[in-house]
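The next block holds one structure in the form of structure tokens; read it before the comments.
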Amino acid sequence: MDVGGRSRQDEVSLDPSKDPNRKAKSKDPGWKYEFWLDLTNKDLVQCTLCGKQMHSDIKRLKQHLAAGFGDAQKCPKTTATIMREMQDSLKKSAKTSNVYIDDEEEGKMRRLRSLKLRSHRHTNSSPNIIKGIPFNAANSWAYEIMLESIGQYGRGHKPFTYHELRVPLLEKAMEEISKLRDKLEVSWKKYGCTIMVDGWTDKRMRHLINFLINCPKGAFSWTM
């Protein structure tokens, strides 16, 4: 059907956010404001309101629209209506069903849950300590998303192998960073940028230099 001389197909090709193939087949309200920018990389989504791209799941996007949660950046173009809609959806997802039980049974279940939780936390934290993962990794939003994704997958999830982390996944991450840098370089030429340099010597007496380039489109840093 033509609308003002432009077909629906042409409209979709010009605006990928209106392509139904770029959205999950889900009734979650968050998908009204999010789409996959690249169908070959469904870890990368874009907000239809402000255009912000992020590596995250639907929960992260809703936090972005709901005025920001934790270190989630608030969408500058969200509205009061959308904020309430996303906040209600996040609260609904967090709710758990309540079952009536007597005080004695509730006490037993509480103690059992406490024991299971301590055991579960010990099981999950021990490998981090053994393998030397920095404790501040727990403060990263990527760490939260990783654990949430594993929980959503359920039983049977197989962790990435040493080779997968070291080769294909690392290469993929480097490609995405290079694409981000290429986009920022266009902004550097158009608007200019500010360059900050910081140097130090590590424990192995190696001289390192950290470059931070800041512009209206965002910041980019690397170490040499």
* For residue 133, which of the numbered conditions (1) at pLDDT 80 or above; (2) surrounded by 10 or more Cβ atoms within 10 Å (Cβ to Cβ); (3) not in a helix (DSSP H, G or I) fails to hold? -> (1)
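For the stretch 30-49, enumerate the residues that are under 25 Å from residue 88 (Cβ atoms) and surrounded by fewer than 16 Cβ atoms within 10 Å (Cβ to Cβ). Working first, answer last.
The first filter runs over the stretch 30-49 and keeps only residues under 25 Å from residue 88 (Cβ atoms), leaving 30-36, 45-49.
Once the filter is applied, which keeps residues that are under 25 Å from residue 88 (Cβ atoms) and surrounded by fewer than 16 Cβ atoms within 10 Å (Cβ to Cβ), the stretch 30-49 yields only 32.
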* **Total residues in the stretch 143-165, condition under 17 Å from residue 57 (Cβ atoms) and either of a type in the set (Phe, Trp, Tyr) or in a helix (DSSP H, G or I) (or both)** => 11
* Filter result for residue 70 (at pLDDT below 85, under 25 Å from residue 142 (Cβ atoms) and among the small types (Gly, Ala, Ser)) -> yes
* Asked: Looking at this structure, is residue 213 under 26 Å from residue 64 (Cα atoms), of a type in the set (A, V, I, L, M), part of a strand (DSSP E or B) and without any contact (Cβ under 8 Å) to a residue 40 or more places away in the chain?
  -> yes
* **Residues of the stretch 166-198 classified as surrounded by 11 or more Cβ atoms within 10 Å (Cβ to Cβ) and either of a type in the set (S, T, N, Q) or in a strand (DSSP E or B) (or both), total** => 3
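The values are calculated or read from the model by the stated rules, or taken from the named source; none is laboratory data. Everything numeric in this text was worked out from a predicted model, so none of it was measured. Heads up, the Cβs are rebuilt from the backbone with ideal geometry, glycines too, and the neighbour counts pull from every protein chain shown.
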